[in-house]
Amino acid sequence: MEEKITLKPFRRILSGYETLSKTALSISDCSELARKYQRFGVDGYRIGDYSGPSYLHRYLDCSIKSAPMLVYKENIFIPMVFRSAIESQKLFSEPSRMPGFFILLDWLIENRPEKAIINYRAPSEFHPEKMYVDSAYVAFRLSEILDGGGFPISRFETLEEFIVWNRIYHLIENGQIGRHSRIFDEDNPTNVSELKMILQVVHLKYPETTFFI
C-alpha cells in the first residue's frame with residue numbers, strides 16, 4: 001500500500017520584508033513522485049531556489065529558498081510549493097489530478113508559456129535556459145477544469161452543448177471583447193486544442209466522457 005502524500009507548512013518564501021507560509025511536499029515525497037511519474041517526463045527531483053512573480057503570491061515578486069522540485073524534461077523545474085488551498089491538497093489525494101497536471105502543463109507550455117512559466121523568456125536554441133513552472137497557477141487552472149467544469153463536461157455529447165455552457169461559465173475564452181463575440185471559437189485552432197486537452201483531463205476523472213471534438 002502506498003504511503004499517503006501530504007503537503008506540509010513551508011516558510012522559506014520572502015516577499016519584500018514579509019515571510020510567507022505556504023505548503024510544500026517533503027523531499028522524500030518528491031522522490032516518490034519522480035519514480036511514479038517518470039512515464040510523463042519526470043527525470044528526477046532536487047532542492048533549489050527561484051524567484052519572480054507568480055500565482056503563489058498574487059503575482060507579486062517573491063524569493064523561494066530550498067524548494068523541493070520535480071525535474072521535468074531536463075530543463076523544466078516544477079516547484080512542489082503551493083497555496084494553502086483545497087485545489088493543492090486534491091493534487092495528491094485524487095489519483096487523476098497529477099496526470100491531469102502534466103497534460104495541462106504540456107498544453108500551457110506549448111500554447112501559453114507566459115502563464116505556466118515564471119519570468120518566461122523564449123529559450124535560445126543553443127543555450128536552453130532553466131524554466132520554473134508556476135505550479136500554484138497550474139494547480140488552480142486544473143481545479144477550474146475538474147471542479148468547475150468536469151462533471152457537466154463529462155455529460156456533454158455535442159460541441160454545441162459545450163458552447164452553450166461555456167457562454168455562461170467561460171472555461172475557455174478567446175480574448176475577444178464585445179457583446180456578440182464568440183467566447184469559444186470553433187474556428188480558432190488554439191480554442192479547439194484547449195478543448196481537446198480539457199476533454200483528456202476530464203476523462204481521467206470521468207471515464208465516460210465523450211470526445212465530441
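The values are calculated or read from the model by the stated rules, or taken from the named source; none is laboratory data. On a predicted model such as this, the values are computed, not experimentally measured, just so you know. A quick note on method: Cβ atoms are made from the backbone with ideal geometry, for glycine too, and the neighbour counts reach across all protein chains shown. Accessible surface areas use protein heavy atoms only, side chains included; no ligands, DNA or RNA. Shrake-Rupley method; radii C 1.70, N 1.55, O 1.52, S 1.80 Å.
Yes or no, residue by residue, for (1) under 17 Å from S28 (Cα atoms); (2) open to solvent by less than 40 Å² (accessible area, probe 1.4 Å); (3) of a type outside the set (A, V, I, L, M, F, W, C); (4) touching a Gly at 6+ places or on another chain (Cβ under 9 Å):
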{"position": "A67", "(1), (2), (3), (4)": "yes, yes, no, yes"}
{"position": "A85", "(1), (2), (3), (4)": "no, yes, no, no"}
{"position": "K90", "(1), (2), (3), (4)": "no, no, yes, no"}
{"position": "P99", "(1), (2), (3), (4)": "no, yes, yes, no"}
{"position": "N119", "(1), (2), (3), (4)": "no, no, yes, yes"}
(request) From (1) small (G, A, S); (2) in contact with a His (Cβ under 9 Å, 6 or more places away or on another chain); (3) touching a residue at least 60 places away in the same chain (Cβ under 8 Å), pick out the condition that doesn't hold for S15. (result) (3)
(request) Output the residue which, of all residues in region 3-28 that are β-branched (V, I, T) and in a strand (DSSP E or B), is surrounded by the most Cβ atoms within 10 Å (Cβ to Cβ). (result) I13
(request) Name every residue in region 34-65 that is open to solvent by 50 Å² or more (accessible area, probe 1.4 Å), in contact with a helix residue (DSSP H, G or I) (Cβ under 9 Å, 6 or more places away or on another chain) and under 16 Å from P99 (Cβ atoms), in order of residue number. (result) K36, F40
(request) Tell me which of these E74 doesn't satisfy, since it passes every other one: (1) more than 14 Å from V133 (Cα to Cα); (2) open to solvent by 10 Å² or more (accessible area, probe 1.4 Å); (3) not in a strand (DSSP E or B). (result) (1)
(request) Could you tell me whether S31 is in a helix (DSSP H, G or I), touching a strand residue (DSSP E or B) at 6+ places or on another chain (Cβ under 7 Å), of a type in the set (S, T, N, Q) and open to solvent by less than 30 Å² (accessible area, probe 1.4 Å)? (result) no
(request) Quick one: E110 ticks every box in (1) part of a strand (DSSP E or B); (2) among the acidic types (D, E); (3) more than 16 Å from K130 (Cβ to Cβ) except a single one, so which number is it? (result) (1)
(message) For region 129-160: of the residues being within 14 Å of L199 (Cα to Cα) and without any contact (Cβ under 8 Å) to a residue 24 or more places away in the chain, which is most open to solvent (accessible area, probe 1.4 Å)?
(response) R155
(message) For the condition among the polar types (S, T, N, Q), part of a helix (DSSP H, G or I) and farther than 25 Å from E32 by Cβ, what is the one hit in S88, S154, S63, S143?
(response) S154
(message) Suppose the filter is part of a helix (DSSP H, G or I), farther than 30 Å from E173 by Cα and in contact (Cβ under 8 Å) with a residue 12 or more places away in the chain; does D49 pass it?
(response) no
(request) Output the residues belonging to region 113-128 that are without any contact (Cβ under 8 Å) to a residue 40 or more places away in the chain and assigned to a loop (DSSP other than H, G, I, E, B). (result) Y120, R121, A122, S124, E125, F126, H127
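For every residue, the table says whether it meets (1) modelled with pLDDT of 95 or more; (2) of a type in the set (A, V, I, L, M).
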{"position": "P95", "(1), (2)": "no, no"}
{"position": "F101", "(1), (2)": "yes, no"}
{"position": "N111", "(1), (2)": "yes, no"}
{"position": "I118", "(1), (2)": "yes, yes"}
{"position": "A122", "(1), (2)": "no, yes"}
